[in-house]
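Shown next, in structure tokens, is the structure this report addresses.
The values are calculated or read from the model by the stated rules, or taken from the named source; none is laboratory data. Because the structure is predicted, anything quoted here is derived from the model rather than measured. Don't worry about glycine lacking a Cβ; one is built from the backbone with ideal geometry, like all the others, and counts go over all protein chains shown.
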Amino acid sequence: MDYELTPEQSEIQRLSRDFARREIEPAQVQMDADHEFPYELWKKWSDLGMAGMLIPEEHGGSGLDPVTYILALEEVARVSNTFALIWQVHVLVANIYIKFGSDELKDQYLPAYASGEKLGAFGLTEPDAGSDAAGMRTKAVREGSDWIINGTKTFISNAGTDISDGLVLMASTGERPNGKKAFSSFSIPQDAPGFKLGQSWDKMAWFGMDNRELVFEDCRVADKRLMGSEGSGLSQALDGLNLGRIAFGAIAAGLIQACLDESLKYAKERVQFGKSISSYQLIQAKLADMATYAEATRQFTLYAANLHAKGRPCHKEASMVKLFGTRHATQATLDAFQIHGGYGFMQEYKVNRFFREGKILEIGEGTNEIQQLFIARELGC
């Protein structure tokens, strides 16, 4: 497959890299200090057209392709996993509206998502249903022309900010003929009666991202807020998560590259036994591994993004990218920490944050163990 970038893709990549270094990097320091959502940064990013990168121009977006998005996302992740994930969730939700929202819902939310005026969130995970999505207990029952929703979601990103709106919620809406639960997705306005923001979480990283519980107590929404057809929720979620898992590959590539950048710089400066530690083969081996895994993850992610952009099946490839990239991102953070020695334990060093950010990538967007099961299923097991 030809990976040569178009002039537009190269320009977006360069713009994203420059913006990340100039604006996102200092904002990351501020997020680590005050644990607040970066509203000003989000507006600046949105003003560049990035919030609506995949949204069609007819709805106020940039109308760009998934490959361009992946290129930009890696540049952001290289500086801030936090901001990369805020953007990634928003893009995932906008893409669900593009594919499955009614014309009325598209008109209501896509222009606001494209401008960054509103922020998207996806309500899937529950206290007792993470990897087992089919175990969701949140239930929606039809009552006349409305749906009544009861249940609790947890670890939901982007849902509790001042600009959050249009949450895409997954809920059980009955049974299939085989006796298994049927699931549907709904667009939930932030002011829906019975929808409450629950506790936020004291995390070990991603301090500027809002993650919290969502509580639904006889929450009433109109039937017109059903996304697509009744009972198609899981297939919609899997479609959205394909792009999400490819995006995690880009975020992983950015994190591995950041680990390499910081470790190579430190290894050249750090002197032990009379010479820089970069001259020692054990250190060189770690640096070589980081460089190899960054490039391998980057190329694999571009391959999967190309499949997605062309509308070709990519369920297996998306899972492979997520599994491969995040696994090696975790290892890169460990190696970067080790190269920095005692300094890696100090929060003023970037590798300390990388270490705290890395592991969660193996869990979000479906755990790596679940990815292995998906891949094995695709192999015919």
Can you name the residue in the range 331-360 that is of a type in the set (Val, Ile, Thr) and buried (at least 22 other Cβ atoms within 10 Å of the Cβ) and is also nearest to residue 285 (Cα to Cα) among such residues? 339
Subset of the range 326-381 [in contact (Cβ under 8 Å) with a residue 60 or more places away in the chain, assigned to a loop (DSSP other than H, G, I, E, B) and either at positive phi or of a type in the set (D, E, K, R) (or both)]: 365, 366
Could you please let me know if residue 247 is among the hydrophobic types (A, V, I, L, M, F, W, C), assigned to a helix (DSSP H, G or I) and either farther than 27 Å from residue 324 by Cβ or at pLDDT 95 or above (or both)? yes
Given the conditions (1) surrounded by fewer than 14 Cβ atoms within 10 Å (Cβ to Cβ); (2) over 30 Å from residue 32 (Cβ atoms); (3) among the charged types (D, E, K, R), report the number of the one that residue 202 does not fulfil. (2)
Looking only at the range 94-117, count every residue that is under 13 Å from residue 164 (Cβ atoms) and buried (at least 23 other Cβ atoms within 10 Å of the Cβ) and tell me the total. 2
Please indicate, with yes or no, whether at least one residue in the range 205-227 is at pLDDT below 95, over 12 Å from residue 149 (Cβ atoms) and in contact with a strand residue (DSSP E or B) (Cβ under 8 Å, 6 or more places away or on another chain). no
Does the range 19-26 contain at least one residue that is modelled with pLDDT of 95 or more, touching a helix residue (DSSP H, G or I) at 6+ places or on another chain (Cβ under 6 Å) and within 19 Å of residue 164 (Cα to Cα)? no
Among 240, 231, which is modelled with pLDDT under 95, under 30 Å from residue 17 (Cα atoms) and surrounded by 15 or more Cβ atoms within 10 Å (Cβ to Cβ)? 240
Would you mention how many residues in the range 37-46 are in contact (Cβ under 8 Å) with a residue 60 or more places away in the chain and surrounded by fewer than 16 Cβ atoms within 10 Å (Cβ to Cβ)? 2
Those residues of the range 159-179 which are among the hydroxyl-bearing types (Ser, Thr, Tyr) and either surrounded by fewer than 17 Cβ atoms within 10 Å (Cβ to Cβ) or part of a loop (DSSP other than H, G, I, E, B) (or both), in sequence order: 161
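This table checks each residue for (1) more than 19 Å from residue 112 (Cα to Cα); (2) crowded, with 21+ Cβ neighbours inside 10 Å.
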| position | (1), (2) |
| --- | --- |
| 35 | yes, no |
| 48 | no, no |
| 55 | no, yes |
| 62 | no, no |
| 79 | yes, yes |
| 88 | no, yes |
Matching residues in the range 272-304 - criterion: being closer than 20 Å to residue 6 by Cα and in contact with a Gly (Cβ under 8 Å, 6 or more places away or on another chain): 300, 301, 304
Within the range 331-381, can you find the residues that are closer than 17 Å to residue 203 by Cβ and among the hydroxyl-bearing types (Ser, Thr, Tyr)? 333
